[in-house]
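Derivation of every value follows stated rules applied to the coordinates shown; laboratory data play no part. Everything numeric here is computed off the predicted structure, so don't read it as measured data. No Cβ is skipped: glycine too gets one built from the backbone with ideal geometry, and neighbour counts run over all protein chains shown.
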Amino acid sequence: MINQNCIFAYMKIRFAAILILLTSFSGFSQSGNTTCACCKDEYKQFDFWIGDWVVYANAEMVGFNKITKIESDCILRENWKSVVSSHTGSSYNFYDRNEKKWKHTWIGSNGVTLEVKGEFRDNKMSMISDEIRDEKGNRIINKITWFVNANGTVRQLWEQTKDGGLTYLTLFDGLYRRRK
């Protein structure tokens, strides 16, 4: 027959072990103080893009874009809506602390996806894709750069190369102005 004191001691040890495991994964310290896993400076480098935006290309309004932080400030979520077509889409942007790179994953209503990664330097976020092949078998590399402008606007430049980066074609050059 098992002693009740032994069972009670076993349960206390097991509970303590589970509590230690849970707190180490949930962002709480042993002392009960909360910590923010994504509050370091590198996680805030893309915060300049947060906002409710009207987007222009060639001085014409082309859409609306809302960028918010989700998941305890670990992810920037983009919600795009075109005003010149029925196209919509979303992206998820996050700092990968293992690679020390920013990652951007786009999913559009037309089924197009795009993954790029890069870093913030010289007042701009620059990300590039791995080489992919399009439906015609062309080798393509995509590059997207977001520029922080002194007047509070943001410029997004999406470029593509089919020659390994020797020349780039501009696919989108947009100016983000805060919605009033």
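Which distance in Å, rounded to a whole number, links the C-alpha centroids of the range 142-180 and the range 58-133? Using only Cα atoms, the two centres lie 11 Å from each other.
Listed by chain and number, the lysines placed with their C-alpha closer than 27 angstrom to that of Lys117 are Lys40, Lys44, Lys66, Lys69, Lys81, Lys100, Lys101, Lys103, Lys136, Lys143, Lys162; residues fewer than eight positions away on the same chain are left out.
Take the Cα of Arg97, go 7 Å toward its beta carbon, and the backbone nitrogen atoms of the range 47-74 under 18 Å from that spot belong to 47, 70-74. Rounded is the label for the range 41-178, because a/c, from the alpha-carbon gyration tensor with a ≥ b ≥ c as root eigenvalues, stays below 1.5. Under a model in which nothing but the beta-carbon of Lys, Arg (+1) and Asp, Glu (-1) is charged, the range 60-180 shows a dipole of about 460 debye around its Cα centre. Per residue, the average separation of C-alpha pairs within less than 8 Å and at least 6 apart gives the range 41-178 a relative contact order of 17 percent.
Simple spin-label model, 7 Å along Cα-to-Cβ: Glu135 to Tyr56 in nm? Result for the modelled spin labels: 3.4 nm. Label sites at Lys44 and Ser109, each approximated as a point 7 angstrom past Cα along Cα to Cβ, lie 3.5 nm apart.
Ser72 to Asn151: FRET efficiency via 1/(1 + (r/R0)^6), r the Cβ-Cβ distance, R0 35 Å, to the nearest 0.05?
Working: r = 31 Å, r/R0 = 0.88.
Once rounded, the FRET efficiency stands at 0.70.
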